[in-house]
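Okay, structure first, notes after.
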Amino acid sequence: MSDTHKHKLPQLFDLTDRVAVVTGGAGLLGAEFCHTLAEACARIVIADLDEASAAHVADDINRHGGSAISLRVDVTDRQSVAAMVEATMKAYDRLDILVNSAALDPKFDPQHGGHTNVFEDYPLDLWNRALSVNLTGAFLCCQAAGRVMLAQGGGVMINMSSIYGITAPDQRLYQKPGEEPAYKPAYYPVTKTGILGLTTYLAAYYAGKNIRVNAISPGGVFNGHDEAFVKAYSAKTVMGRMAYKDDMNGALIFLASDASAYVTGANIIVDGGWSVW
Ligand SMILES: NC(=O)c1ccc[n+]([C@@H]2O[C@H](COP(=O)([O-])OP(=O)(O)OC[C@H]3O[C@@H](n4cnc5c(N)ncnc54)[C@H](O)[C@@H]3O)[C@@H](O)[C@H]2O)c1
């Protein structure tokens, strides 16, 4: 064992020659992650159910001198996940970084199931669907990527959890005066807590294999929420605001790169202090 520094600071974050697969790479944070990894010189596979939006992100990266491909994946489908990894190997011959960002999150979209998420009446089919995307999806992607990483001699997995993986939703945030009570559904904290279990399980499972597995737990990211919500949410954070969509990029690049060479099984909470109060 030697205690000399192996890298200069910029090299610590450099991802040249590495290949990253981002599931849900067309999403609000997912697209940010793709651009950030590309900026660090990784080659990117943008994998999403929404093929057109994934292609748009890839075009943008390629136009700016990066290297990216996009493909349609359904993370709940083992064959589709296998095809994603095959396409990655065909295009780039490696898979160094897996970011599990695909997820269902109702974000209080009134179109989501057309109901208010009352726990006692929550439909079983929506519960099962959410578990299969948010939890089983990450499980299948880690399985498929893990096989390649083992054969390659290493890799990095980053799983997206949430503040709701470590705290319960304060349902008062989701109530609007004069409207029927609405709720953050149970599946969201349940799956985000499960993601943390999968993360520590795999970090320990891959002991001695040079595969690091970590999680990021973002706070709520502003995405056109109404003023009352923004005010009530912001008051619950130490920083006094919702997250910007690029607030997670530092944690992502830290976990994806050699800067975190001695970090595995960790959960980086990026919540503006939401969870300390
Ligand atoms: N945005 C936030 O406020 C926030 C806060 C905490 C945690 N998170 C977590 O961060 C991650 C990224 O969030 P986001 O804001 O980019 O979410 P998003 O809803 O904007 O994007 C999710 C993406 O996943 C894709 N997807 C859905 N089902 C899929 C499937 N079966 N197969 C493949 N792709 C599928 C969607 O097409 C979409 O592009 C998620 O895991 C989310 O739970 C987000």
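What to note about this one:
- Just one residue in the set G197, G219, G155 is without any contact (Cβ under 8 Å) to a residue 60 or more places away in the chain and out of contact with any Gly (no Cβ under 6 Å at 6 or more places or on another chain); that residue is G197.
- Contact annotation: residue pairs with Cβ atoms under 6 Å, 6 or more positions apart or on different chains, pairing a residue in the range 232-259 that is among the acidic types (D, E) with a partner that is surrounded by fewer than 18 Cβ atoms within 10 Å (Cβ to Cβ), are D258/L12.
- Scanning the range 267-274 for residues that are in a helix (DSSP H, G or I) and within 30 Å of Q152 (Cα to Cα) turns up nothing.
- Selection within the range 15-27 - surrounded by fewer than 23 Cβ atoms within 10 Å (Cβ to Cβ) and in contact with a Cys (Cβ under 7 Å, 6 or more places away or on another chain): T16
- Those helices (runs of 4 or more DSSP H) of the range 119-237 in which 2 or more residues are within 21 Å of S101 (Cβ to Cβ) and open to solvent by less than 20 Å² (accessible area, probe 1.4 Å) occupy 137-152, 187-205.
- Yes/no for G137 being at pLDDT below 95 and under 27 Å from M242 (Cβ atoms): no
- In the range 28-75, the residues that are surrounded by fewer than 19 Cβ atoms within 10 Å (Cβ to Cβ), basic (K, R) and more than 14 Å from the ligand (Cβ to nearest atom): R63
- Matching residues, the range 131-142, being in contact (Cβ under 8 Å) with a residue 60 or more places away in the chain and of a type outside the set (S, T, Y): L131, N134, L135, G137, A138, L140, C141, C142
- Residue selected from the range 77-99 under the condition open to solvent by less than 20 Å² (accessible area, probe 1.4 Å) and not hydroxyl-bearing (S, T, Y), by the criterion farthest from C41 (Cα to Cα): V81
- Residues that are among the hydrophobic types (A, V, I, L, M, F, W, C), more than 22 Å from T193 (Cβ to Cβ) and touching a helix residue (DSSP H, G or I) at 6+ places or on another chain (Cβ under 8 Å), drawn from the range 243-277: I253, F254, A256, A259
The values are calculated or read from the model by the stated rules, or taken from the named source; none is laboratory data. Since the model is a prediction, treat every value here as computed from it, not as a measurement. All Cβ positions, even for glycine, are placed from backbone atoms using ideal geometry, and neighbour counts span all protein chains on display. SASA here: full protein model, heavy atoms, side chains in, ligands and nucleic acids out. Shrake-Rupley method; radii C 1.70, N 1.55, O 1.52, S 1.80 Å.
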